[in-house]
Amino acid sequence: MSLDDAFKDPFFRDESFFGKYTYKNSPAAIKRFPFPFPEDDYMYSVNMEPHVSGRPGSVFEHAFDVDEHYVSEMRDRARVLADDPLRCQSLPHMTLAGWDLLELIMESFARDYPQWFELHKDGNKWHWINRPLGIDDKFTFLDESTLPYGPMEYITRQAQGDFTLQDQREDNLWIEAGMVTSQADWSLDFDIGMSFHEWHAPVPLAGKMGVFDRALKFLLQLQHGAPVRRFNWTMTVDPLLDTSPENYHKWGPSKTTLSAENIGQRQHLRVELQTLFRLPRSNAIAFPIRCYLISFEDLVSQPKWARRLHRVIKNLPDELATYKGFIRNRPLMIEYLSQFDDGAPTSPGWWADE
Amino acid sequence: MSGASKIPAIVTEVVEVNSLIKRFRFVREDGGPMPGFSGGSHTVVEMEDDGRRRLNAYSLMSDPADRSGYEISVRRDDGGRGGSMFMHARVKPGMRMQISQPVNLFGLDLRAKKHLMIAGGIGITPFIAQMAQLDGLGGRFELHYAARDRELGAYMNELSARYGERVHRYYDTEGQAIDLPTLLKGQPLGTHLYVCGPKGMINWVLSTAQKQGWPKGALHSEEFLAPPVGEAFQVDLALSGVTVNVGATQSMLEAIEAAGIDAPYLCRGGACGQCECKVREAEGELLHYDHWLSDEQKEARSHIMPCVSRFKGSRLVIEL
Ligand code: FES
């Protein structure tokens, strides 16, 4: 395996998520950004919907979105793992779920992006080609010894977003495997082995509303062939994927360096597209958490989003702004965004106006 | 309804296993592979029975690694409402049928050091798939399978041939019975216990294990109830604004579906909880047959499971 041929397709940007932060969205990527607010008000909710193929060109056209940041994101993952191998863990009984995930991603990639990925099967003898990353591997399905890593690690080094795998038993879900290098301030090493309610415990307000009981009940009955999705969002200063608690000392202080002059370039809206798939052989649930980042400057290029984000941030309850970690910079954000909000009504839904 | 799309299938084989049991094989109508599944899963088979739509859940018994088709076994229930009769009398090779995506309410706990399986009669079917899966994964298992007599002990010989010493057989008519207390005592730490069969057997196995101090999380059972027959009654659906007549041999869920309303379900056997409905008004007696609602919920008369439960009285209004 080598990454040498990685940048032959000019579609993939060569950029970094640390140091000089050369990460940027192209105009096409801005247009397709998954802006998470369908209305001017925001309320925490579980708001799940079927993960069916959406608008052509949108981030949910396909089961898994491969975008212009793919190659650079995979390089960033390899960098984070080299520093901290515990970002990828799988308890022994989750190996079968790892194979399920590998199959799901390989089949989806090969079907949806035939120009980049190929999967050939002859019984359990599989041949996988990943052109953007320069990978061409032959292996035996369900035989770990034929892959350079465990099945989950192998495939999630080639797929954008974080992943956790939940085992289902005793009417609960247990987070027992994961690849987590671009998380919004939570830790796999801390959460591994936890049940559904334990790992959701920190969300304010939501527990009281019983949303997690309902969500758990819903997920226990998630069916194969009927994946679901929801959005979550937060704020990140600089396009840093790895805002982990382990590294808070590295990224936390950047919040204090935000100013009226640099907020447009440095403040990013961070959106997670979370999907949930029932896995066939293991009956586990895969939870891909895909992260999208957009700078305020790019975001306000869409007038509808600029108006709406201003209203959402202004009206958000303090607990949520605190939980999401931007209470300190909220006044600065409101001041910046208010320049782009003339009070005009916004159209329904989250799509940018044409 | 359930979110996932149905699988259009063709029946390719109908095999008479013995005087009560037939086995059916389904392949996809479009020739593609079936979804993989985990041992213990079931599929819901849709039957068009002269204008009446029946949906019955059956455990998948084929090897989960074989994606060329699914197999189920159906035991004829002469006193039942007709789903199994339809499968036995009317389903022939070449017939087109819709089946659901697999759903597992009886999954293996893959952390187990050993899987101890106890089957009674037709309750053998989920274990056949589980054993095939464990065999492929190198898991350790042991089956104790009881049937009335040699004739009705479906698949006994095949299973013994395939798994040898790991299969233990018992025939009621020959006075053989599982020595459960001794069997349970002799298990290594980390063993999980699975039971599928008639209600009496499940209760016996679970209570014996509990008495011996087995942890609750290590006990697994599955019992699908066939919706019972009963007296006809009426139910008002508050949200849809429709009144539905439930016939004597129809379940409430089937009657609701026949009225064109898409109600949620997974198991249709009172086990999964998916069909749970709030009761708004009930002048009369709620006849609960599920094993999903808690005793408190039943006492409070606050919920009902339309897939198996019924009503006797003058007025029932549910939130659907
Ligand atoms: S459908 Fe499963 S309990 Fe009613």
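The values are calculated or read from the model by the stated rules, or taken from the named source; none is laboratory data. Computed from a predicted model, the values in this text were never measured in an experiment. Note: ideal-geometry Cβ built from the backbone for every residue, glycine included; neighbour counts use all protein chains shown.
Considering the stretch A:1-45, the residues that are among the aliphatic types (A, V, I, L, M) and loosely packed, with under 15 Cβ neighbours inside 10 Å include one that is modelled with the highest pLDDT, namely A:Ala28. Inside the stretch A:46-77, residues that are surrounded by 14 or more Cβ atoms within 10 Å (Cβ to Cβ) and not in a loop (DSSP other than H, G, I, E, B) make up a count of 8. With respect to the conditions (1) within 14 Å of chain A (Cβ to nearest Cβ); (2) in contact with a His (Cβ under 9 Å, 6 or more places away or on another chain); (3) of a type outside the set (Ser, Thr, Tyr), B:Pro8 lacks only one, and its number is (2). Applying the selection to the stretch A:80-100, what residues are part of a helix (DSSP H, G or I) and within 12 Å of chain B (Cβ to nearest Cβ)? Matches in the stretch A:80-100: A:Pro92, A:His93, A:Met94, A:Thr95, A:Leu96, A:Ala97, A:Gly98, A:Trp99, A:Asp100.
In this entry, B:Arg268 passes the filter for residues that are within 14 Å of chain A (Cβ to nearest Cβ) and either modelled with pLDDT under 90 or within 16 Å of the ligand (Cβ to nearest atom) (or both). Residues of the stretch A:138-148 that are in contact (Cβ under 8 Å) with a residue 40 or more places away in the chain and out of contact with any Pro (no Cβ under 8 Å at 6 or more places or on another chain): A:Phe141, A:Leu142, A:Pro148. Every listed requirement among (1) assigned by TED's automatic domain parsing to the domain that holds B:Ile124; (2) within 13 Å of the ligand (Cβ to nearest atom) is met by B:Ala263 save one, (1). Within the stretch A:240-255, how many residues turn out to be touching a residue at least 24 places away in the same chain (Cβ under 8 Å) and of a type in the set (S, T, N, Q)? Counting residues in the stretch A:240-255 that are touching a residue at least 24 places away in the same chain (Cβ under 8 Å) and of a type in the set (S, T, N, Q) gives 2. Restricting B:Gly241, B:Gly270, B:Gly284, B:Gly260 to those that are in contact (Cβ under 8 Å) with a residue 24 or more places away in the chain, at positive phi, among the small types (Gly, Ala, Ser) and out of contact with any strand residue (DSSP E or B) (no Cβ under 7 Å at 6 or more places or on another chain) reduces the list to B:Gly270.
Considering the stretch A:191-228, and only residues there that are part of a loop (DSSP other than H, G, I, E, B) and at pLDDT below 75, the residue that is farthest from the other protein chains (Cβ to nearest Cβ) turns out to be A:Pro204.
Restricting B:Gly200, B:Gly269, B:Gly190 to residues that are within 24 Å of the chain's Cα centre (by Cα), surrounded by fewer than 21 Cβ atoms within 10 Å (Cβ to Cβ) and not aliphatic (A, V, I, L, M) narrows the list to B:Gly200.
Go over the candidates B:Glu281, B:Glu296, B:Glu285 one by one and state the one that is away from the ligand (no atom under 16 Å from the Cβ), surrounded by fewer than 18 Cβ atoms within 10 Å (Cβ to Cβ) and within 30 Å of B:Ala209 (Cα to Cα).
B:Glu296
Working only within the stretch B:228-248, note down all residues that are among the hydroxyl-bearing types (Ser, Thr, Tyr) and either surrounded by fewer than 16 Cβ atoms within 10 Å (Cβ to Cβ) or in a strand (DSSP E or B) (or both). Listed by number, the list holds a single entry, B:Thr243.
Do you know which residues across the stretch B:150-203 are more than 19 Å from B:Val17 (Cα to Cα) and basic (Lys, Arg)? Result: B:Arg166, B:Lys185, B:Lys199.
Residues in the stretch A:331-346 that are in a loop (DSSP other than H, G, I, E, B) and touching a helix residue (DSSP H, G or I) at 6+ places or on another chain (Cβ under 6 Å): A:Phe340, A:Asp341, A:Thr346. Restricting the search to strands (runs of 3 or more DSSP E) fully inside the stretch B:91-192 and requiring at least 3 residues that are more than 14 Å from chain A (Cβ to nearest Cβ) gives B:114-120, B:141-147, B:167-171.
Return the residues of the stretch A:124-181 that are within 14 Å of chain B (Cβ to nearest Cβ), surrounded by 24 or more Cβ atoms within 10 Å (Cβ to Cβ) and of a type in the set (Gly, Ala, Ser); say none if nothing qualifies. Result: A:Ala177, single match.
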